[in-house]
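Coordinate-derived values only; no laboratory data. Keep in mind the model is a prediction, meaning the values are calculated, not measured. Methodologically, a virtual Cβ is constructed for each residue, glycine included, from the backbone with ideal geometry; neighbour enumeration extends over all protein chains shown.
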């Protein structure tokens, strides 16, 4: 069986294993992967905080060189079958594309990582340093069952100098030049809650109460209108220098990126500032009771290097004075890796081999990935890279977490070869 056939079959099996989180049930995927590795004589461990949410870890022993971890998560977001053209858990192969929830995010990289690892194992490959395969639970919700749990409870299993994860790899053509995106960092997820105070009363006589929900309305509008101050972080500065040939002034950065390509603007815009998005409101639990309290929850994302303490006074100024309390909730992410490393050179060399003259361009994920846990726990140089060449990158971005998610087999196979090349670059 060719690597192409091998990874296709494995991905189809993974897609048919429903691991929507919540509740996750990622053990079904971990056991499937364990059986695949066992068929290739690859030993592995299944470990986890809960028996129904296990993580798989395997290790290819190498020399004394740097360690490399291949990371991927086995859980997915939900899928509504009524919105899909095909069963979201079919794993159907149609016109060279494999359909199913998780085909892009990110069971494709799970399958490709497993096949790259197993194929090198059976070939007797000896890397310069250990290679770790960590296929983990609970990235989508992060209730401490997956990589966050592993780095704390079993750091000996996943500690690595370098890691490859999700978040980049798209092939883009900007200004006639080819670039492969490489995620080198991510924004911090730093949500906060605004508690608006009022006085309850019977809804049939509104004048006797002080409606907290009504008082929350201008706060929500103020947060929606607010435009935070902008700055060009180092990763976006390098991205702009590469794709534009120069670093434009801050007030021209977005318009120049948009004139170059809509995707370039989509990559730049959320990284020029922190962002605010009111997403949840909780007030009265009864239709005839005016609420004395209204809680507005806001999704806030901060560029690497920025903290909630930095933006708190700006948020309060945007809301203005009033009878409310602002509480920052638990934050995650906000880490970055350097852009000049041996792993960067390996990935750029691979890109040039695929497309002579192609270069690697750094991006920062507007969302969250498990790479954060590796950087924070071990100082790992962690990049997001899974090449995507056959499917248009804008289409792929719109299919992630959406209906009709699918991946071309060509891209799946390309991912196997890319990961094998990264591992092989450290041959002992």
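General observations
- FRET efficiency estimate (nearest 0.05) - Cβ-Cβ, residue 2 to residue 123, R0 25 angstrom: 0.95
- At R0 = 22 Å, FRET efficiency that the Cβ-Cβ distance of residue 45 and residue 152 yields, to 0.05: 0.85
- Going from the residue with the fewest nearby Cβ atoms within 10 Å to the one with the most, 93, 120 rank 93, 120.
- Folded to 0 to 90 degrees: helix 3-16 orientation relative to the chain principal axis, Cα: 30
- Gyration tensor (alpha-carbon) shape descriptor, region 1-151, a/c threshold 1.5: oblate
- Gyration tensor verdict on region 327-421 (Cα atoms; rounded if a/c is under 1.5, prolate if a/b is larger than b/c, oblate otherwise): oblate
- Protection proxy ranking for 260-272, 96-108, using the average of other Cβ atoms within 10 Å per residue and placing the highest first: 96-108, 260-272.
- Alpha-carbon centroid distance for the pair region 331-384 / region 96-132, whole angstrom: 18
- DSSP bridge orientation in the chain - percent antiparallel, rounded to nearest 5: 65
- Note on 186, 252: ascending count of other Cβ atoms within 10 Å places them as 252, 186, the fewest first.
- Two-site FRET efficiency, residue 377 against residue 200, from Cβ-Cβ distance with R₀ of 41 Å, rounded to 0.05: 0.35
- Against the main long axis of the alpha-carbon atoms of the chain, helix 250-260 sits at an angle near 50°.
- Rel. contact order, % - alpha carbon contacts under 8 angstrom, at least six apart, the chain: 25
- Exposure proxy ranking, count of Cβ atoms within 10 Å, fewest first, for 47, 115: 47, 115
- Between helix 234-244 and the chain there is an angle of about 70 degrees, using the helix long axis and the longest principal axis of the Cα atoms.
- Anisotropy class of region 86-214 from Cα gyration tensor, a/c 1.5 cut: prolate
- Alpha carbon centroid spacing (whole Å) that separates region 393-428 from region 171-208: 28
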